Number of protein chains: 2
Amino acid sequence: MTRRPAWREVHDEALRRIQSREWTPGALIPGEAALADELGHARATVNRALRELAEAGLLERRRKAGTRVALAPQRRARLSIPLIREEVEARGARHAHGLLSRRSAPMPEPVRLALGLAPDTPTERVETLHLADGRPYAHELRWVNLAAVPGFAEAPLDTISANEWLVRHAPFDRGTLDYAAAGADAGLAGLLGCAEGAPLMVLERATHGPAAPVTWVRLSYAPGFRLHMDI
Amino acid sequence: MTRRPAWREVHDEALRRIQSREWTPGALIPGEAALADELGHARATVNRALRELAEAGLLERRRKAGTRVALAPQRRARLSIPLIREEVEARGARHAHGLLSRRSAPMPEPVRLALGLAPDTPTERVETLHLADGRPYAHELRWVNLAAVPGFAEAPLDTISANEWLVRHAPFDRGTLDYAAAGADAGLAGLLGCAEGAPLMVLERATHGPAAPVTWVRLSYAPGFRLHMDI
DNA sequence: AATTATTTGTGCGTATGTATC
DNA sequence: GGATACATACGCACAAATAAT
């Protein structure tokens with residue numbers, strides 16, 4: 001029996017008042033102390049509930065000014081970024097990957113600048129094809145900063161994908177993520193089994209570790225890919 | 001003087017230990033009580049810090065089992081979903097919109113099913129073109145469940161976009177969001193000023209209010225659109 | 001421009017609940 | 001069942017920010 005936490009009661013009651021327009025957008029709601037008194041809970045409990053609602057974007061809180069219902073409730077979706085293998089397996093398919101090429105190579109200028117690396121940094125270029133149930137799922141083109149991940153040169157990328165190896169061995173803390181639509185060029189069309197020019201979802205990700213930039217990757221998904229989120 | 005909250009000290013120290021591999025992935029970390037003692041804080045303070053790290057996906061906590069460093073630190077990006085107007089203005093452009101068409105019409109079957117509505121629900125179909133600095137930015141095709149939003153039939157959609165009107169007048173609480181790549185058909189190509197078949201980012205969103213489904217919308221962005229996130 | 005009052009933010013000590021080993 | 005570790009809750013206190021004076 002999982003009991004319903006008290007702060008959730010407060011949370012839900014506040015949410016109800018927001019959605020029922022009992023508290024209208026932009027309006028000042030009662031203070032924590034008043035709510036605690038009214039709902040019969042400690043102020044800390046009310047605080048926890050209102051803090052969650054503020055993090056969700058439904059309330060705006062400022063000291064002394066009080067708590068207001070957000071005017072334009074900015075919804076934030078939480079997009080979790082799984083390993084490709086898990087992404088594939090979550091769709092009920094079997095994942096496999098093939099290492100297409102792997103070599104020392106300097107980054108192209110735009111990639112180097114996106115990561116903020118010096119011109120002569122030694123980097124490795126890796127190209128991988130990911131399969132779901134034997135069919136092409138996504139093409140991965142990746143550059144790795146060898147200085148940031150010393151062991152990478154010896155990583156057995158035929159057994160474990162670069163993606164997965166890096167997640168396990170290179171601690172990272174921030175980065176950027178971009179999704180865009182692009183037409184398949186001849187090479188991609190051949191690898192992914194689609195027509196040249198077919199619209200593809202493309203993910204570009206730059207990853208930085210606590211000390212140095214780690215990797216840059218472009219994933220081109222086979223046609224049919226959808227990025228799905230619940231709000 | 002903005003003081004650094006104590007729970008942040010604990011948070012950062014724990015993060016440091018994770019990133020420095022002092023606490024290795026999968027390993028059990030000391031209990032709350034031990035950490036509180038070691039770092040000189042109350043257990044509640046440590047709890048707050050570890051809770052944040054768990055929400056960020058870096059730790060996994062289970063009663064009695066203790067707290068472990070996540071094996072594959074699932075990073076979660078927070079994608080905020082702004083009004084199109086704000087999205088355009090954030091890029092430093094001026095937003096305008098043109099109402100292309102508006103009429104009562106039944107939803108196509110797939111849309112109706114995605115929203116979970118009965119066959120004869122009265123709905124309105126709205127088509128809008130969004131402009132950034134006078135150039136096409138996105139095409140919007142929308143169906144609205146009139147039963148859920150009674151006032152919508154009278155909304156002045158030439159002055160305020162349907163998007164914005166609904167955010168202000170129709171409280172919603174959950175929904176789904178899908179991004180995909182699609183080729184421009186002849187109609188879209190004309191409206192967005194691109195070649196037929198050009199790869200476009202397409203957003204499909206289903207929105208439910210607390211009581212009933214509210215709206216379904218497909219946004220087709222003009223070429224060049226990128227969905228950007230920081231992790 | 002300085003002061004005060006108010007409201008949220010944080011922190012502690014303690015107690016109890018709950019899941020799970 | 002018992003023990004353990006996290007989860008929640010309360011009451012109190014003080015800090016920080018800032019609207020109001």
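The values are calculated or read from the model by the stated rules, or taken from the named source; none is laboratory data. Remember, predicted model here, so these are calculated numbers, not experimental data. With ideal geometry, Cβ positions are generated from the backbone for all residues, glycine too; neighbour counts draw on all protein chains shown.
Observations
- Of all residues in the stretch B:185-201, those satisfying the criterion of being more than 8 Å from every other protein chain (Cβ to nearest Cβ) and buried (at least 20 other Cβ atoms within 10 Å of the Cβ) are B:LEU188, B:LEU192.
- Single unsatisfied condition, B:ARG85 versus (1) free of Cβ contacts under 8 Å to residues at least 60 places away in the same chain; (2) surrounded by 17 or more Cβ atoms within 10 Å (Cβ to Cβ): (1)
- The one condition in (1) part of a loop (DSSP other than H, G, I, E, B); (2) within 24 Å of B:ASP178 (Cα to Cα); (3) not hydroxyl-bearing (Ser, Thr, Tyr) that A:VAL88 fails to fulfil: (1)
- B:LEU79 vs. criteria assigned to a loop (DSSP other than H, G, I, E, B), out of contact with any helix residue (DSSP H, G or I) (no Cβ under 7 Å at 6 or more places or on another chain), within 30 Å of A:ALA148 (Cα to Cα) and among the hydrophobic types (A, V, I, L, M, F, W, C): no
- Any hit, the stretch A:145-154, residues being in a helix (DSSP H, G or I), surrounded by fewer than 17 Cβ atoms within 10 Å (Cβ to Cβ) and either within 14 Å of another protein chain (Cβ to nearest Cβ) or in contact with a Gly (Cβ under 7 Å, 6 or more places away or on another chain) (or both): yes
- Residues that are more than 9 Å from chain A (Cβ to nearest Cβ), touching a helix residue (DSSP H, G or I) at 6+ places or on another chain (Cβ under 9 Å), in a loop (DSSP other than H, G, I, E, B) and of a type outside the set (Phe, Trp, Tyr) occur at least once in the stretch B:164-184.
- When A:GLU38 is tested against (1) surrounded by 18 or more Cβ atoms within 10 Å (Cβ to Cβ); (2) without any contact (Cβ under 8 Å) to a residue 60 or more places away in the chain; (3) out of contact with any helix residue (DSSP H, G or I) (no Cβ under 6 Å at 6 or more places or on another chain), only condition (1) is not met.
- Test: residue in the stretch B:40-58 that is assigned to a helix (DSSP H, G or I), within 13 Å of B:ALA14 (Cβ to Cβ) and among the polar types (S, T, N, Q): yes
- Residue that is of a type in the set (Gly, Ala, Ser) and free of Cβ contacts under 8 Å to residues at least 40 places away in the same chain, where the choices are B:ALA93, B:ALA138, B:ALA181, B:ALA77: B:ALA181
- When residues in the stretch A:44-71 are screened for being at the interface with another protein chain (Cβ under 10 Å from one of its Cβ atoms) and free of Cβ contacts under 8 Å to residues at least 40 places away in the same chain, 3 of them pass.
- Residue count for the stretch A:1-33 under the criterion of being of a type in the set (Lys, Arg), near DNA strand D (Cβ under 9 Å from one of its atoms) and within 14 Å of chain B (Cβ to nearest Cβ): the result is 1.
- Boolean, B:ALA36 is modelled with pLDDT of 90 or more, within 14 Å of DNA strand D (Cβ to nearest atom), more than 29 Å from A:ALA212 (Cα to Cα) and not basic (Lys, Arg): yes
- In the stretch B:35-87, residue farthest from DNA strand C (Cβ to nearest atom) [restricted to those that are β-branched (Val, Ile, Thr) and touching a Leu at 6+ places or on another chain (Cβ under 8 Å)]: B:ILE84
- Residue check, A:ALA96 more than 21 Å from A:LEU177 (Cβ to Cβ) and surrounded by 15 or more Cβ atoms within 10 Å (Cβ to Cβ): yes
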